[in-house]
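Undergrad: Once you've had a glance at the structure underneath, I'll fire off some questions.
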Amino acid sequence: MIPDYRQTDKPATAPVKFLADGMLGRLAKWLRILGFDTAYHPALDDYALLRLARAEGRVLLTCDRELAHRPGAQSLLIESTELEAQLRQVIVALHLRPDAAFSRCPVCNTPLETLEREAVRDRVPAHVLKTYIEFRHCPHCDRVYWPGTHRARMLEMIARLTGQ
Ligand SMILES: [Zn+2]
């Protein structure tokens, strides 16, 4: 039997990008933690959101039923008010694989760069410097990140979301 490659040999597509509406700030932050390019501009009105989503090829995430059904951009109506259910809905709906977690700044969405311990000597508390070898830095907002105690909780949540 000749194997059918049509279902698995999908052409390489650009990674999915998101734009979260003003009500979905926590969801935006978490999509960034999972590594997904997620814009969030709470001051934009509906018209500007649709225009930006279309211009940048972003999926508009909204909990506004009316906005979700307006033509002009690809939208996903977020059904739950609970963060984990929201994340699960986005992951399932768009077949996402969160395999680049912690690679993006949760505050400003910029890809993070890796820094060695020496480079952050004056920027992190002494006990943190002693504990960790590698740090991440946001070249846009200049924040420094390290694994920390919240990372285990985040990994647990990611495992729950992806069923691993
Ligand atoms: Zn940043």
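Bear in mind these aren't lab numbers, they're just calculated from the coordinates by the rules spelled out. This one's a predicted model, so the numbers in the text were calculated from it and none came from an experiment. Please note: Cβ atoms are built from the backbone with ideal geometry, for glycine as well, and neighbour counts cover all protein chains shown.
Undergrad: From the backbone phi of the range 66-74, what are the Karplus-calculated ³J(HN,Hα) couplings (6.51 cos²θ - 1.76 cosθ + 1.60, θ = phi - 60°) in whole Hz, Gly and Pro given as x?
TA: Here the 3J(HN,Hα) series is 5, 5, 4, 9, 6, x, x, 8, 6 Hz.
Undergrad: Right, something else. Working out 0.36 nm times the residue gap between V107 and E84, then minus their Cα-Cα distance, what length gain in nm do you get to one decimal?
TA: 6.4 nm
Undergrad: What shape does the range 18-93 have by the C-alpha gyration tensor, where a ≥ b ≥ c are the square roots of the eigenvalues, rounded means a/c under 1.5, and otherwise prolate means a/b greater than b/c and oblate the rest?
TA: The shape class here is prolate.
Undergrad: Moving to a separate point now. Within 9 Å, Cβ to Cβ, of T114, how many net charges do the neighbouring residues add up to if Lys/Arg are +1 and Asp/Glu are -1?
TA: It works out to a net charge of -2.
Undergrad: Once you've got the GNM for the chain with C-alpha springs shorter than 10 Å, pick whichever of A101, A119, A20 has the biggest mean-square fluctuation.
TA: Looking only at A101, A119, A20, the biggest GNM fluctuation is shown by A119.
Undergrad: First measure r as the distance between the Cβ atoms of E156 and H69, then evaluate 1/(1 + (r/R0)^6) with R0 = 41 Å and state the FRET efficiency to the nearest 0.05.
TA: Once rounded, the FRET efficiency stands at 0.70.
Undergrad: Give the Cα extents of the chain along the principal axes, in whole Å, largest first.
TA: 55, 52, 28
Undergrad: State, to one decimal in nm, how far the label point of V128 lies from the label point of K17, with both points 7 Å from Cα in the Cβ direction.
TA: Inter-label distance under the simple model: 3.0 nm.
Undergrad: Here's another thing I want to ask about it. State the Kirkwood hydrodynamic radius of the range 91-149 in Å, one decimal place, computed from all pairs of distinct Cα atoms.
TA: For the range 91-149, the Kirkwood estimate is 12.7 Å.
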